[in-house]
Amino acid sequence: MEVKRIFDLLNRYEEKFDKQILLGGMVNGVWQRYSSKQYIEHAKNISYGLLKLGIKKGDKIITITTNRPEWNFLDMGILMVGAIHVPIYPNISSEEYKYIFNHSEARIVFVAGKEMYSRIKDILPDCKNIEKLYTFMNLTGVEHLSELIEMGSKNNREKELEEIKNSIQEEDVATIIYTSGTTGTPKGAMLTHKNILSNVSSIYTIPEQDSSLVTLSFLPLCHVYERMLNYMYQYNGYTIYYVDNVAHIVDAMREVKPHIICTVPRLLESIHDKIMATGRKLTGYEKLFFYWAIRIGYKYKKEGKSIFYRLQLWLLRILVFKKWKQSLGGNLDIIVCGGAALQERLSRIFWAAGFRVLEGYGLTETSPVIAVSNFGKNAVEFGTVGPPLKGVEVRIAEDGEIQCKGPNVMKGYFKSETPVSEYLTDDGWFKTGDIGHITKKGNLKITDRKKEIFKTAAGKYIAPQIIENKIKESPFVDNVMVVGENQKYPAAIIAPNFFHLRSWCDVKKITYTSNMDMIKNTVIRKRIGREVEKVNAGLADHERIIKFELTVNAWSVETGELTPTLKLRRKKILTKYKKLHDQLF
């Protein structure tokens, strides 16, 4: 059957896949698994329950939850009645929740449990359009998802549901995703069934067509990146396990032994840092082989490897890299990485270790993929995000901005006063706001954000992301923001990698009692300074970082420096670290 609406994936299951284990989620430390038949049954009962509640085509329904099988039950149940799914991050501010609740005009809210309910309960009286609230956990005084499913099972309205499904077109809006953004009020990108499924149809052949494959999903399903891949996994009939806490990812990988994961650079950086910390504690021949493997890994290239290099790599995969594979379950093959720039050295070393890393690029508004690496000729080029996606056109404007056109581009922003000219050119191309170019091999390389480029007092333009990405290659640096707009020179606010620093201090016998002790230590400051100077050596004179200051804590979504997709909130960082900024100039 042709999949034209997202819920057509359920019909595809009935025709092609009858899986005893399709979806799995952890409940109180135990995996709870669902078959394809249970998935379809729960989704239909949710649809019947929503019809019983009077939900109509075009109504909005909000979900606030971490990754779990129930997300899919709700997603399909909502879409089959023609309602619009509005998934929201579980870690935004109460002010943002209140804005989205009212702006979206949602009628029902589903929350995972007590913690998320506590974030929104005080704003509900100010959200007059919200009629019902359900939770996945048993909370006193709050209705449970199982009650809606039971209501649906007792009110089978199959004929009515089929009529509604038949009325839904591929151009109808399936979801409104509010972009977290780095500044300003959230905007609701309206994505149609066709927008998202055009991405699915262009990427589903990249991995193997083998329904026995297992995937692990841990990036937020409320973000279109993981969500679209989640649909691709379903299209291919893969078994999907969900992890609701990033702290449990490695343990889950060892248990379910996935073949494919989708991640962001920060996780690969974290895995790499922990492996390096382990390597520093080795002794004798083990340490010798470990650092030999690291040196060989950083030099990895796809083509043109000498016989001597291939022999070394073969040996080191047996002696060293095999352990990397085993630590991540033993079966992991494909790692899809997006959301931010991946350091080239990390991409190289993970390929050397036997993982096929595919980098991609896109935006919420483009459903999301614009370009992605694949296994075709020249389609993996380190430092790029691969060729433009099949069916998506890409061009580079005169000012270097990446622009695209295709069936993946959103319908528009919901109830937005933003003029169309802000995100579309006069001839209908979507303006990404990113700067980049197409390489000789036909791959897209992202170099910066258009709005983030700034000018120094000397009139010289600085592209901060290029410099930041280079500095972040240092194991001593967790995050960094380059500053200096209208100043005499560029400088940097650096959030150190305290995990690496603690390990390094232990090896160097440097005593400390707190993060503050570390960042004030002159030996540590000089060591990080050497890392900055290493980057400066490859920069133009006007780009070189003259001064830097260190923060006492790492940056995170919870502490406000990063968006849910781990991009820098530059204005918030400047406000929070104003004192450090002023010290730099």
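Taking 7 Å along the Cα-to-C-beta vector as the label spot, tell me the Y309-K322 distance in nanometres, rounded to one decimal.
2.4
Taking the structure as given and computing Rg and Dmax of the Cα atoms in Å, which label from [x] 24.6, 74; [y] 27.3, 97; [z] 25.1, 80 fits?
[x]
Grab the Cα-Cα distance for V30 and R295, subtract it from 0.36 nm times how many residues apart they are, and report the gain in nm with one decimal.
91.4 nm
Accessible area, 1.4 Å probe, largest first: how do Y13, Y204 sort?
Largest to smallest exposure gives the sequence Y204, Y13.
So if each residue of separation counts as 0.36 nm, and I subtract the Cα-Cα distance between K547 and K16, what length gain in nm does that give?
That pair, K547 and K16, stretches by 185.1 nm at full extension.
Given a 1.4 Å probe, how much area per residue of segment 302-425 is accessible, in Å²? Walk me through the numbers before you get to the answer.
Numbers: 5260 Å² over 124 residues.
Per residue, segment 302-425 has an accessible area of 42 Å².
How large, in percent, is the carbon and sulfur part of the accessible surface of segment 285-438 at a probe radius of 1.4 Å?
About 56 percent, which is the carbon plus sulfur part of the accessible surface.
Which of the GluC sites (Glu not before Pro) found in segment 239-319 are loop residues per DSSP with 12 or fewer other Cβ atoms within 10 Å of their Cβ? Can you show the working numbers first?
On the way: sites: E255, E269, E286, E303; in loops: E303.
Of the GluC sites (Glu not before Pro), the ones in loops of segment 239-319 whose Cβ has at most 12 other Cβ atoms within 10 Å are E303.
First compute the accessible area of segment 529-585 with a 1.4 Å probe, then give the percent of it belonging to carbon and sulfur atoms.
Of all accessible area on segment 529-585, carbon and sulfur atoms account for 55 percent.
Under a 1.4 Å probe, what is the accessible area of segment 426-504 per residue, stated in Å²?
Details: 3360 Å² over 79 residues.
On a per-residue basis, segment 426-504 sits at 43 Å².
Leaving out same-chain residues fewer than 8 places away, which lysines sit with a Cα under 21 Å from that of K165?
Hits, sequence-local ones excluded: K4, K16, K37, K44, K52, K56, K57, K60, K154, K194, K411.
Starting from the exponent 0.38 and prefactor 2.2 Å, build the expected Rg for segment 108-236 from its residue count and divide its actual Cα Rg by it.
1.30
I'd like the carbon and sulfur percentage of the solvent accessible area for segment 95-158, probe radius 1.4 Å, heavy atoms only, ligands and nucleic acids excluded.
47
Over segment 75-119, average the accessible area per residue using a 1.4 Å probe and give it in Å², no decimals.
Ligands and nucleic acids excluded, the figure is 30 Å² per residue.
At 0.36 nm per residue, and after removing the present C-alpha to C-alpha distance, how many nm does the segment from D426 to H144 gain when stretched out fully?
Net length gain for the segment: 96.6 nm.
If R0 is 41 Å, what FRET efficiency do you get for S94 and I396 from their C-beta distance, rounded to 0.05?
Numbers: r = 41 Å, r/R0 = 1.00.
The value I calculate is 0.50.
Rounded to the nearest 10 Å², what accessible area does E15 have for a 1.4 Å probe in the complete protein model?
So the heavy atoms of E15 present about 120 Å² to solvent.
The values are calculated or read from the model by the stated rules, or taken from the named source; none is laboratory data. Small disclaimer: the values here were computed from a predicted structure and weren't measured. All Cβ positions, glycine included, derive from the backbone under ideal geometry; neighbour counts span all protein chains shown. We work out accessible area using only protein heavy atoms, side chains counted, and drop any ligands, DNA or RNA first. Shrake-Rupley method; radii C 1.70, N 1.55, O 1.52, S 1.80 Å.
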